[in-house]
Number of protein chains: 2
Amino acid sequence: MRATTIHGPYDIRVEEVPDARVQRPQDAVVQVLRACVCGSDLWAYRGESARQPGQRIGHEFLGTVVETGSDVRAVRPGDLVVAPFTWSDGTCGFCAEGLPTSCANGGVWGAAGADGGQGEAVRVPYADGTLVRLPAAAASDDRLLTALLALSDVMGTGHHAAVSAGVRPGATVAVVGDGAVGLCAVLAARRLGAERVIVLGRHAARTRVARSFGATDVVAERGEAAVAAVRELTGGHGVHAVVEAVGTRQSMETAVGAVRPGGGIGWVGVPHGSGAGLDMSVLFRRNITVRGGIAPVRAYLPELLPDVLEGALDPSPVFDLSVGLESVADGYRAMDDRSALKAVVTF
Amino acid sequence: MRATTIHGPYDIRVEEVPDARVQRPQDAVVQVLRACVCGSDLWAYRGESARQPGQRIGHEFLGTVVETGSDVRAVRPGDLVVAPFTWSDGTCGFCAEGLPTSCANGGVWGAAGADGGQGEAVRVPYADGTLVRLPAAAASDDRLLTALLALSDVMGTGHHAAVSAGVRPGATVAVVGDGAVGLCAVLAARRLGAERVIVLGRHAARTRVARSFGATDVVAERGEAAVAAVRELTGGHGVHAVVEAVGTRQSMETAVGAVRPGGGIGWVGVPHGSGAGLDMSVLFRRNITVRGGIAPVRAYLPELLPDVLEGALDPSPVFDLSVGLESVADGYRAMDDRSALKAVVTF
């Protein structure tokens, strides 16, 4: 089968790899219908996260079950399914607690030895705990299929950010980062009842999406000027909840500066220096909560899926570029130079 | 009147200062019956927190109202009262939200220009928002009076740590730090329903108090060995909630190492390098919440006071040394060399 591999910085290839197949009784094989490129894939693309040459890449996909192991009960061949970006057994203590990302038997697509999402098919360990069935009719609805694909990571991660930040009905929220996760956090914050959502971003196409997702204010400044602007919009105190969806020192400093005493920072940007942006004396004096991490997307799927199916939640506009598998490197390039927000890979 | 002042590192004096008096209509003057020395006073004592020469010191006291301004309604002369370690107006948005430590008109005893708690009397700004009345009968009950004194800071701070760490009924908790705040956090964690409380400490007199407060396990190791011990006690996963009651790099590293994925660190140790102990990649991967800061003790008083009055909550054993005002420097010395846990100052 064909699958995307990474051989070094800026070296994304599509190659023949061994066919995905059931290896253990809990496995299923999913033929991929839609995959996409994640902002976190760009850390590997840019050489900032180490990968073995030839390692698979991509961790967001949905598709059709084509084979199941003898122990699989929850899905069968022919089922349309979405996969969260980590697999999990669904039965361990952490899965029971709603933290499948800490599953004792868990893992992430594209890890060494595992299939990646950007390929024709994926071997899914612990299929019963991992995969979520979708209505068969969704397969013929292109817009819906793309929206459902977002549940594999970006929408669930935006939701995790908003939940972790402590967004409540009536809250004022700031979102640091106008990438796809930040935009999904806008959707999530509004869904959780935020009254006001201030997006920090300067890319017009992205802030337009943010407004269409319910952002009430856009701040184009950066750093201290951005903090000053958020404070001016909020009577000098800052916002109840900040979503930090970047992961750098500056983005975390902005988050700390923008949050109101007693408020929370929900952080989901993969940390690349963000710890240095945490001024502990400020956090201490203002009782600011820092909460977040790798999103337990599987745990959120039962809550978010119905809203997507009903059309009440539609993250599909975060995908602004469509590429075929053989052209997946174009998707990386476009996202890297920010000419595309998020690339969907079609099969 | 006589009051404690600090003139430089290890230079604590008791001097004549201007009498405390009502200066504004919202003020009250409290004649101090009991004060105490806080672990955070030791940062100033050791020269690690800057003070102006001659600045007052001490922020924990209870006593009798002797004078009130014309706008004061909630207390009157003769009332026995306890003061939280910060004053607050009780009416601003932050006070209404339960965060009096961020009160627009707030301040802390011993700040430049304010009276300190370790003196014969204290001018209390915003008396209605700040002071909490106690039953008159408590004045003649030495043990109870000492327990009530703990509500001015150390017990409320221990409670804040436990609440911030997310202690829930059935939780397994670790407490990093066997100082008075850590010990009060043991009490608070048990009060909140913790099933198991592991105290990290090696000072036998303190860990004995910890056990009498409900600690179920004591770990004498430090650093990585302490983390390994906590993990061994908890099936390898760590605890649901960690109280970080020290504020150093090592104590925060221990807290991060000891907490279970999805768990929380409640931190109340005044930060002295603790930020460097936060490994963001670990927090991210394990979805660990970091929450806490300066404790909004005033907001907790209505909840904690009845339990202390009924005897269900008794933090008085954290006081193991009693000194008169003129001997307050002995209290600092004894706490500094760890021969005393916490000194009460009697008048």
### Summary
Eigenvalues of the alpha-carbon gyration tensor of segment A:10-87, times 5 and square-rooted, give semi-axes in Å, largest first, of 27, 14, 11
### Query
What are the semi-axes of the equivalent ellipsoid of segment A:1-49, taken as the square roots of 5 times the eigenvalues of the Cα gyration tensor, listed largest first and rounded to whole Å?
25, 13, 11
### Bridge type composition, the protein assembly as shown - antiparallel percent by DSSP, nearest 5
55 percent
## Note on the structure
For the protein assembly as shown, the Debye formula with one identical point scatterer on each Cα and no solvent gives log10 I(q)/I(0) at q = 0.07, 0.11 Å⁻¹ as -0.53, -1.06
#### Entry: Average Cα contact separation per residue, segment B:182-248, under 8 Å, 6 or more apart, as relative contact order %
30 percent
### Query
Roughly how many whole Å is it from the C-alpha centroid of segment A:252-273 to that of segment A:1-35?
35 Å
### Task
Quick one: which residues, 5+ away or cross-chain, put their amide H under 5 Å from the amide H of B:Val242? H built at 1.01 Å from N.
B:Ala174, B:Gly264, B:Ile265, B:Gly266
### Summary
If N is the residue count of chain A, its Cα Rg over 2.2 N^0.38 Å rounds to 0.96
### Query
Cα convex hull of segment A:1-140: mean projected area in nm², to one decimal?
8.3 nm²
## Note on the structure
Using alpha-carbon coordinates alone, the radius of gyration and Dmax of segment B:157-292 in Å work out to 12.6, 38
### Query
When DSSP beta bridges are limited to those with both residues in segment B:157-292, what percentage is antiparallel, rounded to the nearest 5?
5 percent
#### Entry: For chain B: relative contact order, % (alpha-carbon pairs under 8 angstrom, 6 or more apart)
17 percent
## Note on the structure
Simple spin-label estimate for B:Val108/A:Asp19, 7 Å along Cα→Cβ, in nm, reads 6.9 nm
### Task
Find how many whole Å separate the alpha carbon centroid of segment B:112-128 from the alpha carbon centroid of segment A:58-73.
68 Å
### Task
Among B:Asp217, B:Asp141, rank each residue by its count of other Cβ atoms within 10 Å, from fewest to most, as a rough exposure measure.
B:Asp141, B:Asp217
### Task
For every helix of n ≥ 4 consecutive DSSP H residues, a contribution of -39,500 (n - 2.57) applies; sum these over chain A, divide by its total residues, and give [θ] at 222 nm rounded to the nearest 500 deg cm²/dmol.
-8500 deg cm²/dmol
### Summary
Among segment A:306-341, those whose backbone N falls under 14 Å of a label point 7 Å along Cα→Cβ from A:His7 are A:329
### Task
Using only Cα positions of segment A:130-214, each an equal point scatterer, no hydration layer, compute I(q)/I(0) via Debye at q = 0.23 Å⁻¹ and quote the log10 values to two decimals.
-1.04
#### Entry: Filtered trypsin sites (Lys or Arg not before Pro), segment B:36-126: DSSP coil and at most 12 other beta carbons within 10 Å
B:Arg46, B:Arg73
### Query
How compact and how long is segment B:213-342, expressed as Rg and Dmax of its alpha-carbon atoms in Å?
17.4, 53
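Quick note: the coordinates plus some simple rules give every number you see, no bench work behind them. Here the structure is a predicted model, which is why all the values come from computation and not from measurement. Reconstructed Cβ throughout: ideal geometry from the backbone, glycine too, with neighbour counts over all protein chains shown.
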